[in-house]
1. Any chance you could count how many residues in the range A:235-246 are assigned to a helix (DSSP H, G or I) and loosely packed, with under 15 Cβ neighbours inside 10 Å?
2. Search the range B:23-44 for residues being within 14 Å of ligand 2 (Cβ to nearest atom) and open to solvent by 20 Å² or more (accessible area, probe 1.4 Å), and hand back the single one that is farthest from the other protein chains (Cβ to nearest Cβ).
3. How many of the residues making up the range A:187-220 are open to solvent by 50 Å² or more (accessible area, probe 1.4 Å) and in contact (Cβ under 8 Å) with a residue 40 or more places away in the chain?
4. Considering every residue within the range A:75-85, establish whether at least one is of a type in the set (S, T, N, Q) and away from chain B (no Cβ under 14 Å).
5. For B:Asn98, indicate whether it is surrounded by fewer than 21 Cβ atoms within 10 Å (Cβ to Cβ), closer than 24 Å to A:Lys29 by Cα and more than 16 Å from ligand 2 (Cβ to nearest atom).
6. State the number of residues belonging to the range B:218-253 that are under 22 Å from the mean Cα position of the chain (by Cα) and basic (Lys, Arg).
7. Of all residues in the range B:104-130, which are under 21 Å from B:Ile180 (Cα atoms) and open to solvent by less than 30 Å² (accessible area, probe 1.4 Å)?
8. When residues of the range B:101-139 are filtered for being within 13 Å of another protein chain (Cβ to nearest Cβ), under 21 Å from A:Tyr27 (Cα atoms) and assigned to a helix (DSSP H, G or I), how many remain?
Amino acid sequence: MSFFYHVGKYFLLLNRVFARPEKHSVYYKETLKEIQKQGIDSMGIVAIVSVFMGAVITIQTAYNIENPLLPTYLIGLGARDSIILEFSSTIVALILAGKIGSNIASEIGTMRVTEQIDALEIMGVNSASYLILPKIVASVIFAPFLTLLSMIVGITGGWLAGIAAGVVTTENYIYGIQYAFVPYYITYSVIKIVVFVFLITTISAFYGYYTSGGSLEVGKSSTKAVVRSSIFILLFNVILTQLLLS
Amino acid sequence: MIEVRNVCKSFNEVMVLKDINVLFEQGKTNLIIGQSGSGKTVLLKSIVGLHDVERGEIIFDDIVFNKLNFKDKKEMRKQIGMLFQGGALFDSSTVEENVMYPLDMFTNLSFTDKQDRVNECLKRVNIINTNKLYPAEISGGMQKRVAIARAIALNPKYLFCDEPNSGLDPQTAILIDKLIEEITEEYNMTTIINTHDMNSVMEMGEKVIFIYKGEKWWEGTKNGIFDTENKELNNFIFASKLSQKIRDLKNRT
Ligand SMILES: Nc1ncnc2c1ncn2[C@@H]1O[C@H](COP(=O)(O)OP(=O)(O)O)[C@@H](O)[C@H]1O
Ligand SMILES: [Mg+2]
């Protein structure tokens, strides 16, 4: 029962978020700020995670196909497909859920408990739209770049690890990552990440917006935001994979 | 003038406001006093429409505010300024950006005009040379004054203050009270102030209502308040040792 109550409340909030903006110039400025905060400031962590992820995937792939009959370029091919299909979207989204999810929930939650949201409302500003829409727009615009970054860095990491571990040569790895390449996989990955960051921003904003109490509750909202966003990412990962790849 | 008629409000089946009727006058400082938890904030937020009331009417100069549709309500909001208990300044914006915010949102003034208006408002509350600082970098009293500047930026007709001097030292508190009183007179606003501070009552209680457990228990002025026979109000006024001493001294003479 409570689940449906929350889902209903979530959609009512979204309905307010997507109302017509009061003043485009103000929203535009806010969106740029959010692109900086959520997108550009996340590039570092995404790159670090991706390089190690690529390295591990490559070494594991090499380990799994340790058979003299199988050509070593399959290592590059296997690593590429794992990274593009799954890791650069789902793992990156889970990382972002931790980073921007908690950030959004605590920012909006703090604004709620310190009455900053009331201050916006009293001025006649649609606080839901003003606070949340720029975050959604910014993350949806920027997320595809983060995924592409993750793919490039991940594949590079795999190459470095493959060379360092001596399981594949540069020529074979490069041949492998070009072999039987399906461009649609990238589209698939981009679609996934866009849906995931939409879930992260809206779910986190929802928990922040309906915080009540004090700083303790802000912390709780922030934790809930990360946990629930992660669960919905995993759930939608299954749904989207079924829809897009079958 | 703001009229509150038969207003009731409850949270989760608990009645917090019980059939409140009051008339708040224009150009005056109207005070709502009462203990913590008596319902002052809920009453103030109900008047400005941050809470929907279950019953009753809230009338702003002949307009039944709580019955307006969403769009008209929004239009009315531009004539309302509010000072929140903690100041509620946007902490990711500078002092200047905070005061400019309503101007950005609701006017088409050029940047220099907006800046002039901001400086005018900040000067009015005696804040200078802090335009580029963030709320966390200025004192509590200054934050309150900046919040007042933001509240008056659009020249509101109605001003609401929720415990404007809570958390401030007595001297700063009096300064804030004075400022609100002066501004009210200057702009001929209808001002409603929540407080539990007797100093504020003495300073600006042109009209005072006492809320007790969600009911209007007493209504009058700062002059009448000490002569009341009302037991709960007496307990509230003479809660402190200092005020009891003053009463006893006065009774002796
Ligand atoms: N949003 C809310 N939900 C539930 N109860 C509330 C809410 N806001 C206030 N209350 C209750 O209403 C009563 C009056 O609170 P309030 O108006 O804040 O008192 P004060 O006079 O100190 O400002 C309190 O008992 C408080 O617990
Ligand atoms: Mg209060």
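1. Our first condition is that a residue be assigned to a helix (DSSP H, G or I); within the range A:235-246, this holds for A:235-245.
Filter once more, so that each one left must be loosely packed, with under 15 Cβ neighbours inside 10 Å: A:235, A:238-239, A:242-245.
Count: 7.
2. Taking the range B:23-44 first, the residues within 14 Å of ligand 2 (Cβ to nearest atom) are B:31-44.
Remaining after also requiring open to solvent by 20 Å² or more (accessible area, probe 1.4 Å): B:35-37, B:41-42.
Numbers: B:Gln35: 20, B:Ser36: 15, B:Gly37: 15, B:Thr41: 10, B:Val42: 12 Å.
So, considering only residues that are within 14 Å of ligand 2 (Cβ to nearest atom) and open to solvent by 20 Å² or more (accessible area, probe 1.4 Å), the one farthest from the other protein chains (Cβ to nearest Cβ) is B:Gln35.
3. Of the residues in the range A:187-220, the ones open to solvent by 50 Å² or more (accessible area, probe 1.4 Å) are A:187, A:191, A:198, A:210, A:212-213, A:215-217, A:220.
Checking which are in contact (Cβ under 8 Å) with a residue 40 or more places away in the chain leaves us with A:191, A:198, A:210, A:212-213, A:215, A:217.
Going through the range A:187-220 one residue at a time, the tally reaches 7.
4. Step one: list which residues in the range A:75-85 are of a type in the set (S, T, N, Q), which gives A:82.
Subset that is away from chain B (no Cβ under 14 Å): A:82.
Yes - at least one qualifying residue is present in the range A:75-85.
5. Values: surrounded by fewer than 21 Cβ atoms within 10 Å (Cβ to Cβ): no; closer than 24 Å to A:Lys29 by Cα: yes; more than 16 Å from ligand 2 (Cβ to nearest atom): yes.
Judged against the criteria, B:Asn98 is not a match.
6. Keep residues of the range B:218-253 that are under 22 Å from the mean Cα position of the chain (by Cα), which gives B:218-225, B:233, B:236-237.
Now drop any that are not basic (Lys, Arg), which leaves B:222.
Counting residues in the range B:218-253 that are under 22 Å from the mean Cα position of the chain (by Cα) and basic (Lys, Arg) gives 1.
7. Step one: filter the range B:104-130 for residues under 21 Å from B:Ile180 (Cα atoms), giving B:117-128, B:130.
Selection gives B:Val118, B:Cys121, B:Leu122, B:Val125, B:Ile127, B:Thr130.
8. 8
The values are calculated or read from the model by the stated rules, or taken from the named source; none is laboratory data. Keep in mind the model is a prediction, meaning the values are calculated, not measured. When we count neighbours, we look across all protein chains shown, and the Cβ atoms used for this are built from the backbone with ideal geometry, even at glycine. All accessible areas refer to the heavy atoms of the entire protein, side chains included, with ligands and DNA or RNA removed. Shrake-Rupley method; radii C 1.70, N 1.55, O 1.52, S 1.80 Å.
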